[in-house]
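For reference, the structure is listed below as structure tokens.
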């Protein structure tokens, strides 16, 4: 994993992005040679074609990213990935058509464009077939030695999804003096017969993960320091999970880790850039989505002659209350008793129009006005109701810390986890929210905004 602008990205997928970019550029040159039977360089068109090829490559990569095809933790089968690729190339085809119409100087010519898209798609399919085959080979994974055999160490064995274990494998758990009975498989427990550095070299360890339940009693600081100074990477369990899962796992995190770890920097420059991004993005989205919003308002009204908009009190930054605005998707007086309720699957209170606008996230569009007013951000933790905030703040550690930033229309938790409708879901989503609060910046906001396209098109987590 590579830390880029405070956000962890997979090196393997970064290499895939670079490789596909070069292939997409090459596809344009190959298409020119196929169309005219001569090399563009030999025809003196090499440099003139480069800019157009770069634009095509960037648009293709933008669409592939928006459809989740550069995510390390993508949850899709081979056929699912192929379907996403077809959809991404179709979207890129349409987007490039609009771009060529607005900027005619970028047009490649119909023949070259069609051939280049065909070459690019074939190259991407072949490269990804090889990529997904090789990325999961054992010899390409980092070899991890876990220091500890207790409850924290056991958390690593509970990662069942292949995507969560991508890029690394555990070669053993080191049991230390004073530890209780191992909570992991005894066959995977190793006991050094000499200095720790000798064991690390013999097992060809790339990284030590410190996962001890009680550090004060048994942590072999000098031996771990020896390994660190010998070039072996050393990381504690919360940082390991943050890096590979994109969340802060509450069960292994304590206040001291939050205090001393990097992140949680909210300077005026950072917040100023975020505010500027919010204003530009919300105004642009309002202009683009205005026809959809007008049609939606009409449909909501005609359905039962009730109010078009629905306002509800939510908790914002620094625990300030505000009224969030949404298109009404439920029957009038859905909460007659005034008691806050979770939305359930196939909720009978949801209207037919409401079911569609919830699935497509159209009901969220009026929140762009909340963004313009400064109450919300385009990207951030979802705003929660005061009743739930009060309840969860008393029962879930660090829950209040999600309100250190403005709530958002979309967020890291929304693209990483399905709809949350139980206290257990609230815990899971909080772990992603804390990752965002810790690491947010403009780069991560733009990445989340792009990946939201996948959430909307695939209807992930909507109720």
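Every read-out reported here was derived from the displayed coordinates using simple, explicitly stated rules and does not represent laboratory data. Quantities reported herein were computed from a predicted structural model and do not represent experimental measurements. Cβ placement follows ideal geometry from the backbone for every residue including glycine, while neighbour counts extend to all protein chains displayed.
Data table
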{"quantity": "Burial order of peptide ranges 144-156, 279-291, 422-434 (average beta-carbon count within 10 Å, highest first)", "calculated": "144-156, 422-434, 279-291"}
{"quantity": "Globularity index of region 2-135, i.e. its alpha-carbon radius of gyration over 2.2 N^0.38 Å", "calculated": "1.10"}
{"quantity": "Sequence-separation-based contact order of the chain, relative, with Cα cut under 8 Å and 6+ spacing, percent", "calculated": "13 percent"}
{"quantity": "Region 183-301 - convex hull of the alpha-carbon atoms, volume per residue in Å³", "calculated": "249 Å³"}
{"quantity": "Whole-percent pair-distance distribution, where bins are 10 Å wide, for the alpha carbons of region 138-245", "calculated": "14, 52, 31, 3"}
{"quantity": "Rg to Rh quotient for region 64-177, alpha carbon positions, Kirkwood Rh", "calculated": "1.20"}
{"quantity": "Contact order relative to length of region 2-135, as percent, for alpha carbon pairs under 8 angstrom and 6 or more apart", "calculated": "33 percent"}
{"quantity": "Rounded Å value of the spacing that divides the Cα centres of region 95-138 and region 225-265", "calculated": "39 Å"}
{"quantity": "Cα pair distances exceeding 39 angstrom across the chain, given as percent", "calculated": "34 percent"}
{"quantity": "Gain in span if fully extended, residue 355 to residue 297, counting 0.36 nm per residue against the direct Cα distance", "calculated": "19.4 nm"}
{"quantity": "222 nm mean residue ellipticity, helices alone, for the chain (DSSP H n ≥ 4; -39,500 (n - 2.57); rounded to 500)", "calculated": "-16500 deg cm²/dmol"}
{"quantity": "Theoretical gain in end-to-end length, residue 259 to residue 424 [0.36 nm per residue, Cα-Cα removed]", "calculated": "56.9 nm"}
{"quantity": "Residue-span extension gain [residue 106 to residue 387] - 0.36 nm each, minus C-alpha spacing", "calculated": "95.8 nm"}
